[in-house]
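Inspection log for the structure reproduced underneath, given as structure tokens.
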Amino acid sequence: MSGLFITFEGGEGAGKSTQIRLLKEALESLGKNVLLTREPGGSEGAETIRPLLVSGNSDWDSLTEALLFSAARRDHLVHKIWPALKRGSVVLCDRFMDSTMAYQGYGRGDNKLIQTQLQQLYQMIASDFVPDLTFILDIDPIIGLKRSCDRAGNTERRFENMDISFHQNLRQAFLKIAKNDSKRYHIICADQSVENVHQQIMKVMNEYV
Ligand code: TMP
């Protein structure tokens, strides 16, 4: 595939949406063709699944959740991500496979069995396809949760409503996942101005565009 696949990851209220929008504008001003998308969602079929996962308070276990996220992801890959990469676009995705590993694999505790199952599940839906580049926006969950709770009109609170230990586990999980591949993952401190975070992202991007 000739395009570039870039994912943004992190806990709640880390500012991913703002940063992804700024990066899209910067890349477009360089003449790039950019697709901005998100998970869960991004394609018609996956957007149909999204409300099940992010709203309400269903008491699913991690594997059940992961199966739903994976069904949405497969639809998103087939209908949106892979065709855009084939066209040579830069695809910017707000969350992807690393969110599944962090939220479903570590959020409720460091569970080796589910982590292995999640790897197998990912392989089943995407084979050896992985992002070219991943930005992890790192923030203390107390600050991040306050930011996202202050956001007016946010009805997608299913994960935000998990207790603080869940969110602390996530933060540690993202930092641990990033150690697996120092070339793909870039950890950016998100507790600074929007402009500073954007500049750090652009510094990394300069190697790719
Ligand atoms: P968002 O808040 O970035 O829109 O993401 C929706 C929620 O879904 C967020 O709380 C993180 C969660 N999530 C998972 O638990 N596993 C996943 O695989 C993905 C993509 C998101």
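The values are calculated or read from the model by the stated rules, or taken from the named source; none is laboratory data. The structure presented is a predicted model; accordingly, all values stated were derived computationally and were not measured. Cβ: placed from backbone, ideal geometry, glycine included. Neighbour counts: every protein chain shown. Only protein heavy atoms, including side chains, enter the accessible area calculation; ligands, DNA and RNA are left aside. Shrake-Rupley method; radii C 1.70, N 1.55, O 1.52, S 1.80 Å.
With contacts taken as Cα pairs under 8 Å and at least 6 residues apart, the chain reaches a relative contact order of 33 percent.
In percent, how large is the relative contact order of the range 92-209, given Cα pairs closer than 8 Å and 6 or more residues apart? Answer for the range 92-209 is 35 percent.
The lysines whose alpha-carbon is closer than 27 Å to the alpha-carbon of LYS112, local same-chain residues fewer than 8 away aside, are LYS176, LYS179, LYS183. Rounded to the nearest 20 debye, the dipole magnitude of the chain is 340 debye, with +1 charges on Lys and Arg beta carbons, -1 on Asp and Glu beta carbons, and the Cα centre as origin. Using Cα springs under 10 Å in a Gaussian network model of the chain, which residue among ALA26, ALA178, ALA46 shows the largest mean-square fluctuation? Between ALA26, ALA178, ALA46, it is ALA26 that shows the largest mean-square fluctuation.
Our compactness index for the range 25-106, the C-alpha radius of gyration over the empirical 2.2 N^0.38 Å, is 1.21. Surface composition of the chain: carbon plus sulfur atoms hold 51% of the accessible area, using a 1.4 angstrom probe and ignoring ligands, DNA and RNA.
Where a ≥ b ≥ c are the square roots of the eigenvalues of the C-alpha gyration tensor, would you call the range 117-208 rounded, which needs a/c under 1.5, or, failing that, prolate if a/b is larger than b/c, or oblate? In terms of gyration-tensor shape, oblate. Between ARG50, ARG151, ARG171, the GNM of the chain built on Cα springs shorter than 10 angstrom shows ARG151 fluctuating the most. Each semi-axis of the equivalent ellipsoid for the chain is √(5λ) with λ an eigenvalue of the Cα gyration tensor; in descending order they amount to 24, 21, 17 Å. Under 23 Å of direct C-alpha separation, and excluding same-chain neighbours fewer than eight residues apart, LYS146 reaches these lysines: LYS16. Mean separation of Cα pairs under 8 Å and 6 or more residues apart, divided by the residue count, gives the range 34-74 a relative contact order of 49 percent. Between THR7 and CYS93, LEU133, THR134, PHE135, the built amide H atoms are under 5 Å apart, and every one of these is 5 or more places off in sequence or on another chain.
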